1. If we restrict to alpha carbons, what Rg and Dmax does region 202-353 come to, in Å?
2. Once the convex hull of the C-alpha atoms of region 268-353 is built, how many Å³ does it hold per residue, rounded to a whole number?
3. At a Cα cut-off below 17 Å, give the lysines reachable from residue 164, other chains included and same-chain residues fewer than 8 away excluded.
4. Among all the lysines, which ones have a C-alpha under 22 Å from residue 89's C-alpha, if same-chain residues fewer than 8 places away are not counted?
5. How big is the shadow of the Cα convex hull of the chain, averaged over all directions, in nm²?
6. What fraction of the DSSP beta bridges in the chain is antiparallel, stated in percent and rounded to the nearest 5?
7. With a 10 Å radius around each residue's Cβ, average the other Cβ atoms per peptide and rank 334-345, 298-309, highest first.
8. Taking θ as phi - 60°, what are the ³J(HN,Hα) couplings along region 271-281 by the Karplus curve (6.51, -1.76, 1.60), each to the nearest whole Hz, with x for Gly and Pro?
Amino acid sequence: MKKQRRKRRIALRILGIGLLLIVLLIGGGFVFPTWTPGIKGSNSVSLLKQITINGTKQEVMIRGTDRSNPLVIFVHGGPGVPETPYVRKYQDLLEQNFTVVQYDERGSGKSYHFSEDYSNLSSEMLVDDLLALTDYLEQEFNQEKVLLIGHSYGTYIATQAASKAPDKFSAYIGIGQTANWVNSELESLQFMIGQARLAGNDAEAEELELLREPITTGDAITPRDKIREYGGAARLINDNADIFKGLLFGTEYNLLDAVRFFKGNSMSELNLQAELTEHDITELVDQLDIPVYFVMGQYDLMTSVNEARKYLDELKAPLKEFVVFGQSAHYPQFEEKEKFAQWLNETWAKLQQ
């Protein structure tokens, strides 16, 4: 009996120590310092910090082998889905010839602050934040203009910024460019209904068909899980896995930042999604006074290639180019990163001629 009691006490003690270690590890994860790895070179830059933009602190990651290289600002999508946690592995080639700026938009990721009220968050605020960030970067790096790149929902913000202050930008590149939102969503829905019927899944097809009316009225969007299932989000990478790995194991985020990420995503979608249908980008911006490039993945079902092409055809700009990457879906800059880096280098060289 004594031996059994002693074994029980030892087992409980080990269990207690194990639980304590787990608590300490989790607790440490919430306060663990974050950073972005350094880059070799006497004039390189690798910064991860918060700067005050229009009265609120926002997270900025700046990386490049030479800080005198041209500045590129990437505006992330979502709404509220920063790419800072995982983007480093996809932009390493870009960092060789550009100073690459990623930032968490107001209320997103590390720029989400529990004490702040985001009830009035709007795309207009995000546009003004982007312009203020651009001013900061141009002064900090002594450059007159930056190259502006939006991705997905980020194109909704970046297109408006380029329209509002074209003098700040050398060109605008829209990756997964938003256009007529309702038409884009209906096109994705129709594709998925057709695929479901081809697979003999009539029940799923009928279920999807019920979404047609609410999507038409702007009260719903095509199910993103189904878009992923049919290869319309990413084909050569796993973007969801990238996000979770970055949140759990990346150096740029700790566990508290991961909580901010999901809180910010939920809040941003609630406050910003409706604007896409209520104020269509094709109606908000019909002219840009700088060179414009739309870069689309051929299999993109998140943002319609056809609708983006129609938008660019109608958009007035001094130079326009529509580029389709044939192996990718919504993330051509990641899925075909070597091809994208080469294209960006060549495009930038042409702009300097």
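Each value in this text was obtained by applying a stated rule to the coordinates, not by laboratory testing. Only a predicted model underlies this, so the values are computations on that prediction, with no experimental measurement involved. Reconstructed Cβ throughout: ideal geometry from the backbone, glycine too, with neighbour counts over all protein chains shown.
1. 18.2, 57
2. Numbers: hull volume 10.3 nm³, N = 86.
Taking only Cα atoms, region 268-353 has a hull volume of 119 Å³ per residue.
3. List returned: 145, 316.
4. Straight-distance partners of residue 89: 40, 49, 110, 245, 337, 339.
5. Values: hull surface 93.6 nm².
Mean projected area of the Cα convex hull: 23.4 nm².
6. Details: 13 of 38 bridges.
Antiparallel bridges: around 35 percent, rounded to the nearest 5.
7. Numbers: 334-345: 18.0, 298-309: 21.8.
My ranking of the peptides, most packed first, is 298-309, 334-345.
8. So the J values, rounded to whole Hz, are 8, 10, 4, 5, 4, 4, 8, 6, 10, 4, 4.
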